[in-house]
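Everything below concerns the one structure shown next.
The values are calculated or read from the model by the stated rules, or taken from the named source; none is laboratory data. Nothing here was measured: the structure is a model prediction, and the numbers come from that model. Note: ideal-geometry Cβ built from the backbone for every residue, glycine included; neighbour counts use all protein chains shown. For accessibility, only protein heavy atoms count, side chains too; no ligands or nucleic acids. Shrake-Rupley method; radii C 1.70, N 1.55, O 1.52, S 1.80 Å.
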Amino acid sequence: MKIIMLGAPGAGKGTQAKMIAEEYHIPHVSTGDMFRMNIKNGTELGMEAKEYMDQGLLVPDELTVRILLDRVKKEDCKDGYVLDGFPRTIPQAEVLEEALNKLGDQIDYAINVEVPDENIIRRMSGRRACLSCGATYHIEHVPPKKEGICDDCGETLVLRDDDKPETVEKRLRVYQEQTQPLIDFYAAKGVLCNVDGTQEMQDVFKAIKEILK
Ligand code: AP5
Ligand code: MG
């Protein structure tokens, strides 16, 4: 099963993608997490990506496509995966489609998590992230057991550099301009499914499971 998560920054793509990955035993592939891991490890790719990410801009397609295609070629992705944060532009979607076509394959579901902008700004300011293992918390909705510490790996949690309100607004604008057109792109392919992302996390997940049944 090959799934794409669509939705604005902070809509809950990562939260739901992790739940899907666990339930259906497929890898969760997040380009944002891969970039943040590279930044943390001080790689050249990480340094280049950081310049764009900190400004709320998209990392250039060329760099993003390379990192994504390398990842989905790995053995653990052969029976499927859930893509979180990729594709984010029409050219990225086209490259993915072409790569899958070559294998006689295609995307099965594009799940669009819908959340209005007002809710998003509130969610992002409360988010805390573990840059080590990619786990995500929220100070009100999903607090860690011990304040400021990741339940899974014990690392210190941080407010992501791009979660400052002014950068979030920029990311929302970039989303509207460059990523929203993917909704029509996948609707035209007959694989688009919309989910109300303002519900409780477990209810959003229930709606997704209904779709994937
Ligand atoms: P990325 O890491 O993909 O960030 P994003 O799309 O901006 O999305 P987020 O991770 O911020 O939000 P999310 O939808 O995963 O929400 P979450 O589940 O955490 O990308 C970061 C940057 O990397 C980009 O800006 C770009 O520069 C670059 N990049 C990445 N991919 C790229 C690509 N393909 N091309 C070019 N550049 C790329 O939830 C948010 C918060 O809300 C959390 O605190 C969570 O606990 C809480 N929450 C979740 N669900 C609910 C709920 N139902 N109710 C209440 N709270 C909830
Ligand atoms: Mg995410």
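Out of the DSSP beta bridges found with both residues in the chain, what percent are antiparallel (nearest 5)?
Numbers: 6 of 22 bridges.
In the chain, approximately 25 percent of DSSP beta bridges are antiparallel ones.
Averaging over every viewing direction, what projected area does the convex hull of the Cα atoms of region 110-192 cover, in nm²? Mind showing how you got there, number by number?
Numbers: hull surface 25.8 nm².
It is 6.4 nm².
Might you tell me the accessible area per residue for region 55-213, computed with a 1.4 Å probe and given in Å²?
On the way: 8860 Å² over 159 residues.
Accessible area per residue, region 55-213: 56 Å².
Between region 33-57 and region 59-104, how many Å separate their Cα centres?
18
Going by average Cβ neighbours within 10 Å, how do the peptides 126-132, 138-144 rank, with the highest at the top?
Details: 126-132: 19.0, 138-144: 14.0.
Packing proxy ranking, top to bottom: 126-132, 138-144.
Could you give the size of the charge dipole of the chain about its Cα centre, using +1 on the Cβ of each K and R and -1 on the Cβ of each D and E, expressed in debye and rounded to the nearest 20? Before the final figure, lay out the partial values.
On the way: 28 positive and 38 negative charges, 54 e Å.
Roughly 260 debye for the chain.
Please report the carbon-and-sulfur percent of the accessible area for the chain; probe 1.4 Å, protein heavy atoms only, DNA, RNA and ligands left out.
49
Count charges around residue 163 for me, please; just the other residues with Cβ under 13 Å from its Cβ, Lys/Arg as +1, Asp/Glu as -1.
After counting each charged neighbour, the total is +4.
Using +1 at the C-beta of Lys and Arg and -1 at the C-beta of Asp and Glu, which of 153, 198, 24 has the Cα lying farthest in the positive direction of the dipole of the chain?
Final value for the positive-end residue is 153.
For the chain, with a Gaussian network of springs between Cα atoms less than 10 Å apart, report the residue from 102, 78, 164 with the top mean-square fluctuation.
Taking springs between Cα atoms under 10 Å, the residue moving most is 102.
In terms of the ratio Rg/(2.2 N^0.38 Å) built on C-alpha atoms, what value belongs to the chain? Let's see the in-between values first.
Details: Rg = 16.3 Å, N = 213, 2.2 N^0.38 = 16.9 Å.
In units of the globular-protein estimate, the chain measures up at 0.97.
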